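Undergrad: Pasting a structure here, questions to come.
The values are calculated or read from the model by the stated rules, or taken from the named source; none is laboratory data. Because the structure is predicted, anything quoted here is derived from the model rather than measured. In this analysis, Cβ positions are derived from the backbone assuming ideal geometry, glycine residues included, and neighbour counts consider all displayed protein chains.
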Amino acid sequence: MPDFARGPFPSTRMRRHRSHEWSRRLVQETQLSVNDLIWPLFIIDQPASESVPSLPGVKRLGTDEVVAAAERACRLGIPAIALFPATDTSLKTEDAIEATNPDNLVCRTVRNIKDAVGDQLGVICDVALDPYSSHGQDGLVRDGCILNDETIAVLCQQAIIQADAGCDIIAPSDMMDGRVGEIRDALDDHGHQNVQIMSYAAKYASSFYGPFRDAVGSSTNLGTGDKKTYQQSPHQTDEALHEVALDLLEGADSVMIKPGMPYLDILQRVKETFRVPTYVYQVSGEYAMLCAAAERGWLDRRQTILESLLAFKRAGADGILTYFAEEVASWIQQD
Ligand code: PBG
């Protein structure tokens, strides 16, 4: 610290710069902008949309509405959306083979969105098998074990068909070891050198994903199962840095921390250590908590949402996946 000439109180009064709105604005260290937002969208293979009870205000978008949502994102200046399919139960199998069908719901939706909005909006697709597997796990299962290398082969196929459909960013959320490098090679071999990889690098085995699993319909498939043999334990912090380092070595263009608010320490350490584009996912449980408290009048909805997102920026996030993206973008646009 420099030697402050006049010393502490009463010469120094920290409240001086807080005493006017203009002056508070002037000293602002962190801002939230529309450019920071990624909007996750759930999609379903039927014309009409459906609501998701555990995610108030969020819908599984039907085929009639999803392109309109993407167009709204463009108009609001949201840079990117992330697509998550609620797969029809009849298509879920032990081997999750629907994940590699070039005409599956995600691929058709990517093509429709890209036809409508072109390069105005980045489209992100998850790579993991849980929307397609009858057991709700992100990988292939044999004798109760999640198979690493066999799963990666399927994930590579899934990444290729999504990139073929026009996906801009492949986001592996499965936490298999070594998948980023193999997906990079598979994309390159298929002419997709310019498709980015945003790795869910530090993804925790969290209980905050519950409403998401309702939304994609994987909670009943997963049952009492868990993902602790591949997602990180909430006890770990150095291990998150190791995960991020490996994904970057394997060719990830950007990394993600997930969940968000309970893991701000991880976000800050990752950003400080690696200084690469770092995203954070404000997950479904975080969204549901804020909505539930606001609904009861216990929290001010707008102020707490904005504060939660600003906290991510302060901790070092370059972008935030949030179900509030559309609402927040319209607030920012109004201001
Ligand atoms: C799938 C996936 C999950 C989320 C994003 N991709 C769920 C999980 O790992 O069980 C969670 C997102 C959220 O809770 O909002 N691999």
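Undergrad: Just to be sure, is G139 in contact (Cβ under 8 Å) with a residue 24 or more places away in the chain, farther than 23 Å from V58 by Cβ, within 13 Å of the ligand (Cβ to nearest atom) and in contact with a His (Cβ under 9 Å, 6 or more places away or on another chain)?
TA: On the way: in contact (Cβ under 8 Å) with a residue 24 or more places away in the chain: yes; farther than 23 Å from V58 by Cβ: yes; within 13 Å of the ligand (Cβ to nearest atom): yes; in contact with a His (Cβ under 9 Å, 6 or more places away or on another chain): no.
Answer is no for this residue.
Undergrad: Mind telling me which of the residues R13, R6, R25 ends up being outside any loop (DSSP other than H, G, I, E, B), more than 30 Å from P85 (Cβ to Cβ) and not hydrophobic (A, V, I, L, M, F, W, C)? Don't jump to the end; show me each part of the working.
TA: Values: R13 fails: outside any loop (DSSP other than H, G, I, E, B); R6 fails: outside any loop (DSSP other than H, G, I, E, B).
Exactly one of R13, R6, R25 is outside any loop (DSSP other than H, G, I, E, B), more than 30 Å from P85 (Cβ to Cβ) and not hydrophobic (A, V, I, L, M, F, W, C), namely R25.
Undergrad: A further question follows. For A294, are the conditions met, namely being away from the ligand (no atom under 16 Å from the Cβ) and not in a strand (DSSP E or B)?
TA: The answer is yes for A294.
Undergrad: Would a scan of region 295-306 turn up a residue that is of a type in the set (G, A, S), out of contact with any strand residue (DSSP E or B) (no Cβ under 8 Å at 6 or more places or on another chain) and without any contact (Cβ under 8 Å) to a residue 12 or more places away in the chain?
TA: yes
Undergrad: If you don't mind, there's one more thing I want to ask. Only one of these is over 20 Å from the mean Cα position of the chain (by Cα), at pLDDT 95 or above and under 18 Å from E326 (Cα atoms): R296, R302. Name it.
TA: Every option except R302 fails the conditions.
Undergrad: Only one of these is more than 16 Å from the chain's Cα centre (by Cα), part of a helix (DSSP H, G or I) and touching a residue at least 24 places away in the same chain (Cβ under 8 Å): D177, D164, D188. Name it.
TA: Going through D177, D164, D188 in turn, the sole match is D164.
Undergrad: Right, here's the next one. Does V123 count as in a strand (DSSP E or B) and either closer than 14 Å to L41 by Cα or without any contact (Cβ under 8 Å) to a residue 60 or more places away in the chain (or both)?
TA: So V123 passes the test.
Undergrad: Quick one: in region 164-217, which of the residues that are crowded, with 18+ Cβ neighbours inside 10 Å and among the acidic types (D, E) is nearest to the ligand (Cβ to nearest atom)?
TA: The qualifying residue nearest to the ligand (Cβ to nearest atom) is D174.
Undergrad: Given the options K114, K59, name the one that is without any contact (Cβ under 8 Å) to a residue 24 or more places away in the chain and within 27 Å of Q333 (Cα to Cα).
TA: Values: K114 fails: without any contact (Cβ under 8 Å) to a residue 24 or more places away in the chain.
Result of the check over K114, K59: K59.
Undergrad: Could you say which residue among V34, V27, V52 is among the hydrophobic types (A, V, I, L, M, F, W, C) and free of Cβ contacts under 8 Å to residues at least 12 places away in the same chain?
TA: On the way: V34 fails: free of Cβ contacts under 8 Å to residues at least 12 places away in the same chain; V52 fails: free of Cβ contacts under 8 Å to residues at least 12 places away in the same chain.
None of the other options fit; the residue is V27.
Undergrad: While we're looking at this one, here's another question. Applying the selection to region 70-91, what residues are closer than 16 Å to G118 by Cβ, more than 16 Å from the ligand (Cβ to nearest atom) and of a type in the set (A, V, I, L, M)?
TA: If the condition is that a residue be closer than 16 Å to G118 by Cβ, more than 16 Å from the ligand (Cβ to nearest atom) and of a type in the set (A, V, I, L, M), then A70, A73, I78 are the ones that fit.
Undergrad: If we keep just the residues of region 211-232 that are under 19 Å from the mean Cα position of the chain (by Cα) and free of Cβ contacts under 8 Å to residues at least 60 places away in the same chain, which is nearest to G316 (Cα to Cα)?
TA: The qualifying residue nearest to G316 (Cα to Cα) is Q232.
Undergrad: Checking the conditions here, which among P102, P131 is under 15 Å from A82 (Cα atoms), part of a loop (DSSP other than H, G, I, E, B) and not hydrophobic (A, V, I, L, M, F, W, C)?
TA: Testing whether each residue is under 15 Å from A82 (Cα atoms), part of a loop (DSSP other than H, G, I, E, B) and not hydrophobic (A, V, I, L, M, F, W, C) leaves just P131.
Undergrad: Next up: Any idea how many residues of region 219-232 are closer than 16 Å to Y200 by Cβ and either within 11 Å of the ligand (Cβ to nearest atom) or of a type in the set (A, V, I, L, M) (or both)?
TA: The number of residues fulfilling the criteria is 3.
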